[in-house]
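A.B. asks: If you scroll down you'll find the structure; I have some questions about it.
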Amino acid sequence: MKRAVYPGSFDPVTYGHLDIIRRASEIFDVLIVSVLDNKAKTPLFSVEERVKILKEATKDIPNVEVDSFSGLLINYAAKKNLHIAVRGLRAITDFEYELQIAQTNRKLSEGKLDTMFLTTSLEYAYLSSSSVKEIASFGGDISQCVPDFVAEMLYEKYRIVH
Ligand code: PNS
């Protein structure tokens with residue numbers, strides 16, 4: 001059975017992430033989407049909220065599981081017996097950062113954790129969780145960026161009445 005992990009902050013999940021999740025779920029038998037619990041960062045949504053959002057957004061894809069992890073990805077992957085990490089690439093600017101992480105993970109795991117990249121569909125290439133949060137914080141239209149229930153949760157965080 002081919003299993004893979006799609007790690008990320010997902011603060012919150014966007015249509016760009018969901019596009020990668022859907023496509024990766026067609027390649028692997030099981031895709032575990034795992035939210036990084038990074039104590040050094042202050043996310044807008046808690047890990048529990050991000051996991052809940054991801055579960056709701058992927059409920060129609062049966063082979064997707066949602067989980068969370070803290071610490072190093074290679075340790076989490078080893079514990080779960082996962083050997084492939086999936087990441088999305090939007091542009092060349094992502095590539096440098098992603099290449100560094102992928103190579104570090106491969107080296108640190110002694111070749112046990114490899115990374116597979118999917119290029120983001122062009123319609124979502126401009127999307128990022130950070131820009132979605134910024135637009136939402138000013139009450140802008142994010143209906144093209146995230147599912148409706150996520151947009152509502154974002155406006156609620158910023159106390160924007162729509
Ligand atoms: O959605 P993001 O924030 O771009 O995801 C980055 C993520 C979670 C994939 C990356 O930061 C990560 O795997 N962090 C866990 C810590 C780790 O393993 N670091 C070693 C790689 S340099």
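The values are calculated or read from the model by the stated rules, or taken from the named source; none is laboratory data. The structure displayed is predicted, hence computed values, not measured ones. FYI the Cβ positions are ideal-geometry reconstructions off the backbone, even for glycines, and counts take in every protein chain you see. These accessible areas exclude ligands, DNA and RNA; they are computed on the full protein's heavy atoms, side chains included. Shrake-Rupley method; radii C 1.70, N 1.55, O 1.52, S 1.80 Å.
A.B. asks: Looking at segment 44-63 only, could you name the residues that are in contact (Cβ under 8 Å) with a residue 24 or more places away in the chain, in contact with a strand residue (DSSP E or B) (Cβ under 7 Å, 6 or more places away or on another chain) and open to solvent by 20 Å² or more (accessible area, probe 1.4 Å)? Steps first, answer last, please.
C.D. replies: Of the residues in segment 44-63, the ones in contact (Cβ under 8 Å) with a residue 24 or more places away in the chain are 44-45, 49-50, 53-54, 56-58, 61, 63.
Keeping just the survivors that are in contact with a strand residue (DSSP E or B) (Cβ under 7 Å, 6 or more places away or on another chain) gives 50, 54, 58, 63.
Once the filter is applied, which keeps residues that are in contact (Cβ under 8 Å) with a residue 24 or more places away in the chain, in contact with a strand residue (DSSP E or B) (Cβ under 7 Å, 6 or more places away or on another chain) and open to solvent by 20 Å² or more (accessible area, probe 1.4 Å), segment 44-63 yields only Asn63.
A.B. asks: Quick one: what pairs do we get from segment 65-80, first residue under 22 Å from Ile53 (Cα atoms) and more than 9 Å from the ligand (Cβ to nearest atom), second of a type in the set (Val, Ile, Thr) and open to solvent by less than 40 Å² (accessible area, probe 1.4 Å), C-beta under 6 Å, 6+ apart or different chains?
C.D. replies: Once the first residue is under 22 Å from Ile53 (Cα atoms) and more than 9 Å from the ligand (Cβ to nearest atom) and sits in segment 65-80, its partners that are of a type in the set (Val, Ile, Thr) and open to solvent by less than 40 Å² (accessible area, probe 1.4 Å) give Glu65/Ile32; Val66/Val33; Val66/Val51; Asp67/Ile32; Ser68/Val35; Ser68/Val47; Ser68/Val51.
A.B. asks: While we're on this one: Would you confirm, using the coordinates I've provided, whether Leu113 is open to solvent by less than 40 Å² (accessible area, probe 1.4 Å), more than 11 Å from the ligand (Cβ to nearest atom) and not polar (S, T, N, Q)? Steps first, answer last, please.
C.D. replies: Details: open to solvent by less than 40 Å² (accessible area, probe 1.4 Å): yes; more than 11 Å from the ligand (Cβ to nearest atom): no; not polar (S, T, N, Q): yes.
Spelling it out, it is not the case that Leu113 is open to solvent by less than 40 Å² (accessible area, probe 1.4 Å), more than 11 Å from the ligand (Cβ to nearest atom) and not polar (S, T, N, Q).
A.B. asks: Taking the condition of being assigned to a loop (DSSP other than H, G, I, E, B) and surrounded by 18 or more Cβ atoms within 10 Å (Cβ to Cβ), how many residues in segment 10-43 meet it?
C.D. replies: As a first pass, look at segment 10-43 and keep what is assigned to a loop (DSSP other than H, G, I, E, B): 10-14, 28-29, 37-43.
If we keep only those that are surrounded by 18 or more Cβ atoms within 10 Å (Cβ to Cβ) too, we end up with 10-14, 28, 43.
Result for segment 10-43: 7.
A.B. asks: Would you pick out the residues in segment 80-108 that are part of a loop (DSSP other than H, G, I, E, B) and out of contact with any Asp or Glu (no Cβ under 7 Å at 6 or more places or on another chain)? Explain how you work it out, then say what you get.
C.D. replies: Just the residues of segment 80-108 that are part of a loop (DSSP other than H, G, I, E, B), to begin with: 81-83, 90-91.
Once the filter is applied, which keeps residues that are part of a loop (DSSP other than H, G, I, E, B) and out of contact with any Asp or Glu (no Cβ under 7 Å at 6 or more places or on another chain), segment 80-108 yields Asn81, Leu82, Arg90, Ala91.
A.B. asks: Ala85: in contact (Cβ under 8 Å) with a residue 12 or more places away in the chain, open to solvent by less than 70 Å² (accessible area, probe 1.4 Å), hydrophobic (A, V, I, L, M, F, W, C) and out of contact with any His (no Cβ under 9 Å at 6 or more places or on another chain), yes or no? Break it down into steps so the answer makes sense when it comes.
C.D. replies: Values: in contact (Cβ under 8 Å) with a residue 12 or more places away in the chain: yes; open to solvent by less than 70 Å² (accessible area, probe 1.4 Å): yes; hydrophobic (A, V, I, L, M, F, W, C): yes; out of contact with any His (no Cβ under 9 Å at 6 or more places or on another chain): yes.
The answer is yes for Ala85.
A.B. asks: Kindly indicate whether Ile74 is aliphatic (A, V, I, L, M), touching a Ser or Thr at 6+ places or on another chain (Cβ under 6 Å) and in a helix (DSSP H, G or I). Spell out how you get there, then give the answer.
C.D. replies: Numbers: aliphatic (A, V, I, L, M): yes; touching a Ser or Thr at 6+ places or on another chain (Cβ under 6 Å): yes; in a helix (DSSP H, G or I): yes.
For Ile74, the condition - aliphatic (A, V, I, L, M), touching a Ser or Thr at 6+ places or on another chain (Cβ under 6 Å) and in a helix (DSSP H, G or I) - is met.
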